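Reviewing the structure listed below.
Nothing in this text is a laboratory measurement; each read-out follows from the coordinates by a stated rule. Quantities reported herein were computed from a predicted structural model and do not represent experimental measurements. So basically every Cβ, Gly included, is an ideal-geometry build from the backbone, and we count neighbours across all protein chains shown.
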Amino acid sequence: MTTYIPKDLEFDFAPRPGRLLQRELDARSISQAQLAARTGLSPKHVNLVIKGTAAISPDVAVTLEQILGTSAEMWLRLEAAYQASQARIVKRNSLADFTSWAASFPRQVLLDTNVIRSTDTGTDLVAKLLDFFSVASPGAFTKTWLEPQASYKRSQAHAIDPNLTALWLRLSELHAADSADDAPAFDSEKLRSSAALIPKLTVHEIGPAFKEAQDLLHSAGVVLVFVPELPNTRISGVSRWINGTPMIAVTSRYKSLDGLWFTLLHEVAHVLLHPKRSTYIDGDKADDDADSQETAANAFAANILIPPDHQLLLTEATTPAEIIAIANSLGVAASLVAGQWAFRTGIWGGPIAKLRKKIDLSEVLAA
C-alpha cells in the first residue's frame with residue numbers, strides 16, 4: 001500500500017517590487033522625481049509604486065522596460081509573486097478561525113495516517129487538513145465530503161464518524177491516483193471476465209493474490225487499492241468513480257479470507273451493475289434485503305464464488321470434508337466455500353467455521 005506523505009506547506013516571502021525598483025534607481029543615481037519625468041508618470045504614482053501601495057501594471061512595466069532596460073516580464077513576475085505572497089499571508093491569518101474544526105479530527109488518527117506531522121499545531125494543522133482534502137475552508141469540506149455521505153449506499157447497524165469516513169475515502173483516492181492516471185479506459189465486459197477469474201486466485205498466498213487481482217482489474221480500467229480501516233468508520237469496502245475511472249478500495253474489517261474476497265467482488269458488482277451511482281460504501285449492514293442494489297451486489301458476488309450449478313451441493317453440505325470437496329472441484333479456497341455456507345445457513349460456529357481462514361491484509365502487505 002502506498003503511504004501518504006504530507007506536504008510541507010510553504011508560505012514563502014516575496015520581496016516588494018517597489019523595493020527592488022528603488023535599488024535599481026539608486027544603482028543608477030536616478031531619483032524618483034527623475035524617473036517620473038522620464039516615464040511621464042506622476043511623482044506621486046512613482047512613490048506609491050516604490051512603497052508598494054500601487055501595483056506595477058503592464059503599462060508601467062513596459063515603461064520601466066523602455067527607460068531602464070529591464071524586461072517588463074520581470075517586473076510583472078515580481079509583482080505577481082508579491083501579490084501571491086501577500087494573499088497567502090492573509091489566507092494563513094484567516095486559518096486561525098478554523099482551529100476548532102481541525103480539532104474535531106482525532107489527532108492520533110491523523111498522525112497514524114501521515115496526514116499531519118507531530119509538529120503540526122494551530123494554523124499549520126488547519127492548513128495541512130485543508131490541503132489533504134483539497135478544499136479551501138471547513139464549509140467547502142462539508143459540501144465536498146460530508147453532505148454527499150447522506151446519499152451513500154451504506155446501511156449501518158452502528159453510528160459512524162463522518163469526518164473519519166471522509167478521511168478514509170480521501171486516503172483511498174490518493175492511493176489510487178497513480179494507478180488511475182495510467183489505467184486504460186473502463187471496459188465492462190473485460191471486468192466481468194476478470195471477476196470470473198478472481199475465485200481461482202484465492203488458493204494463492206493472499207499478498208501475491210491481491211496483487212494479481214489488482215492487475216486483472218487494472219486491465220479492465222478499474223483501480224483496486226487496500227487502505228486499512230479507520231476507527232469508527234466500519235468500512236469493509238467502497239466503489240467510487242473518480243474522473244471517469246472506477247476505483248475499488250477494501251479494508252480487512254472482517255479479517256477473514258472469504259470476507260475480503262466477497263467484499264472485493266461485491267464492489268465489482270456495484271461498478272458493473274450500478275455505474276450511475278458515484279459512491280457505494282459497504283460496512284456493517286443493518287438490513288441488506290431492504291436495499292435492492294445491495295442485494296443485487298451480494299447475489300453477483302455469491303454467484304461468482306459459488307456458481308449456480310454448485311449451490312445445491314453447498315446447501316446440502318454438513319461436514320468440513322464436503323466443503324473441501326466442493327472447493328477442490330471449483331479450484332478455490334475452502335475458506336470461501338465455508339464462508340458462503342455460513343452465510344446461507346446462518347451457522348457461524350462449529351467445525352465448518354474453522355475452515356474460514358483468518359487474515360489481516362494490512363499485516364501481510366506491511367511484511
Too long at a 20 Å Cα-Cα cut-off: which of Lys200/Lys357; Lys190/Lys357; Lys211/Lys354; Lys190/Lys211; Lys190/Lys255; Lys255/Lys357? Lys190/Lys357; Lys211/Lys354; Lys190/Lys255
Calculate, for Ile324 and Ser292, the FRET efficiency according to 1/(1 + (r/R0)^6) with r their C-beta to C-beta distance and R0 45 Å; round to the nearest 0.05. 0.85
Global size of the chain as Cα Rg and Dmax, reported in angstrom: 29.5, 102
Do any GluC sites (Glu not before Pro) in the stretch 126-210 lie in a loop, going by DSSP, with at most 16 other beta-carbon atoms within 10 Å of their beta carbon, and if so which? Glu205
Check each of the chymotrypsin sites (Phe, Trp or Tyr not before Pro) in the stretch 266-367 and keep only those in coil by DSSP with at most 13 other C-beta atoms within 10 angstrom; list them in order. Trp348
What's the magnitude of the charge dipole for the chain around its Cα centre, counting Lys and Arg as +1 and Asp and Glu as -1 at the beta-carbon? Answer in Debye, nearest 20. 1020 debye
Could you tell me the calculated FRET efficiency between Ser188 and Leu146, based on Cβ-Cβ distance and R0 = 35 angstrom, to the nearest 0.05? 0.65
